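Below: the structure, in structure tokens.
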Amino acid sequence: MAETILEVKNLKINFKTYAGTVQAVRGVNFTLEKGKTLAIVGESGSGKSVTSNALMKLIPQPPGIYADGQILFEGRDLVKYTEKEMTKVRGNEIAMIFQDPMTALNPTMKIGKQIMEVILKHKKGTTKDMAKKRAIELLDQVGIPYPEKRFGQYPHEFSGGMRQRVVIAIALAADPKLLIADEPTTALDVTIQAQIIELMKEIQRNSNTSIIFITHDLGVVANVADYVAVMYAGQIVEYGSVNEVFYNPKHPYTWGLLGSMPDLENKSDELLRTIPGSPPDLIHPPKGDAFAARNEFAMQIDYEQEPPMFEISPTHSAKTWLLHPDAPKIDVPEEVQKRIDGYLAKGENTDAE
Ligand SMILES: Nc1ncnc2c1ncn2[C@@H]1O[C@H](COP(=O)(O)OP(=O)(O)O)[C@@H](O)[C@H]1O
Ligand SMILES: [Mg+2]
């Protein structure tokens, strides 16, 4: 058995608002092994960012509330950590990369100095010369050409893609055990996105860093992840190895996400499907299966009782009544299967084990 770095148990995050209590994360469970990458996917509003911010204890309280659950990082429950204790974890043992690189950079400080600061803060006994050498090494490692020259430049002198590389260099500067990337490529154009994904894969290969990669785009997941957690309305509705989720998806919401991946053959993509309907109100989550109203295969029970996570394999489970032994056997819709086949045929996942 691989070593576990993170175990999240029944995590619940609420926000108190004037309209009522928003149940943004409603009982999330997952385990991450050392050196592995978990992708968390789901539509906008499904609770991906709240989950990842919660792991870093970045939920503003108020209005946020850790309503229940544990975040066991190497066995220590971060939920119980004080802000002072968390400052030692954040950026040091766990680092985070956000969608907008500008928010993570100080516009008035040369980027080399920003990387050095992290090194000097987190690596005791490092001299300035050593930190500078390491900063240049990191810039090189994240694929920034002329790192010595770039060391002395300001954030505005970098393109969006290069800025995101700098942010990744800063995140790596402290040698974190866990790297959380919240839609790190969403603000970038497609070519740059692919390069950043490639960089993430390289980091994964060359270090033993565990990664949580958050995206609304299942298409990129096949490339980066070992495991996939599909989130809907604040819950994980399907969890499995990347192969299980792509070759044998079981939740109709996962089918919807797979079916709405851009068509690789047809760039204009008139056929792009979206999942009809919209996510439920998280102030008054529906009784039963939160996905029922959008599920073309919904049964009576979906409106009455919340489904459990049904186990498909030791690593694969899905929260849908369709997996109940008495439910009708329903296969992946044909159009969705075609879309999946298109992705798998591209062979983009060739370096998967
Ligand atoms: N500070 C907040 N106050 C109230 N509701 C919030 C707050 N932050 C997030 N939410 C709600 O939590 C839900 C999940 O949001 P989020 O995690 O950002 O979604 P995602 O990252 O998957 O797009 C959304 O319904 C969002 O409106
Ligand atoms: Mg988000």
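The values are calculated or read from the model by the stated rules, or taken from the named source; none is laboratory data. What you see is a predicted model; the values in this text were computed from it and never measured. Neighbour counts run over all protein chains shown; Cβ positions are idealised from the backbone, glycine included. For the accessible areas, the whole protein counts, side chains as well, though only heavy atoms, and no ligand, DNA or RNA atoms are used. Shrake-Rupley method; radii C 1.70, N 1.55, O 1.52, S 1.80 Å.
Structure values in brief
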| read-out | value |
| --- | --- |
| Odd one out for residue 98, checked against (1) open to solvent by less than 60 Å² (accessible area, probe 1.4 Å); (2) within 14 Å of ligand 2 (Cβ to nearest atom); (3) hydrophobic (A, V, I, L, M, F, W, C) | (1) |
| Residue in the range 71-95 that is least open to solvent (accessible area, probe 1.4 Å), counting only those that are closer than 27 Å to residue 169 by Cβ and of a type in the set (Asp, Glu) | 93 |
| Residues within the range 172-198 that are of a type in the set (A, V, I, L, M, F, W, C), modelled with pLDDT of 90 or more and open to solvent by 10 Å² or more (accessible area, probe 1.4 Å), tallied | 1 |
| All positions within the range 1-35 that are over 21 Å from residue 69 (Cβ atoms) and open to solvent by 50 Å² or more (accessible area, probe 1.4 Å) | 1, 3, 18, 19, 34 |
| Identity of the residue in the range 331-351, open to solvent by less than 30 Å² (accessible area, probe 1.4 Å) and touching a helix residue (DSSP H, G or I) at 6+ places or on another chain (Cβ under 7 Å), that ends up modelled with the lowest pLDDT | 343 |
| Within the range 121-165, tally of residues that are within 24 Å of residue 88 (Cβ to Cβ) and open to solvent by less than 10 Å² (accessible area, probe 1.4 Å) | 3 |
| Residues being open to solvent by 40 Å² or more (accessible area, probe 1.4 Å), in contact (Cβ under 8 Å) with a residue 40 or more places away in the chain and of a type in the set (Phe, Trp, Tyr) - total across the range 276-309 | 1 |
| From the options 313, 317, residue that is open to solvent by less than 30 Å² (accessible area, probe 1.4 Å) and within 22 Å of residue 233 (Cα to Cα) | 317 |
| Qualifying position, being more than 27 Å from residue 119 (Cα to Cα), modelled with pLDDT of 95 or more, away from ligand 1 (no atom under 16 Å from the Cβ) and of a type in the set (Ser, Thr, Tyr), among 210, 268, 241 | 241 |
| Every residue from the range 48-70 that is within 19 Å of residue 94 (Cα to Cα), open to solvent by 50 Å² or more (accessible area, probe 1.4 Å) and more than 10 Å from ligand 1 (Cβ to nearest atom) | 58, 70 |
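Every residue, every condition in (1) in contact (Cβ under 8 Å) with a residue 60 or more places away in the chain; (2) in contact with a strand residue (DSSP E or B) (Cβ under 9 Å, 6 or more places away or on another chain); (3) within 16 Å of ligand 1 (Cβ to nearest atom), yes or no:
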position	(1), (2), (3)
19	yes, no, yes
46	yes, yes, yes
88	no, no, no
94	yes, yes, no
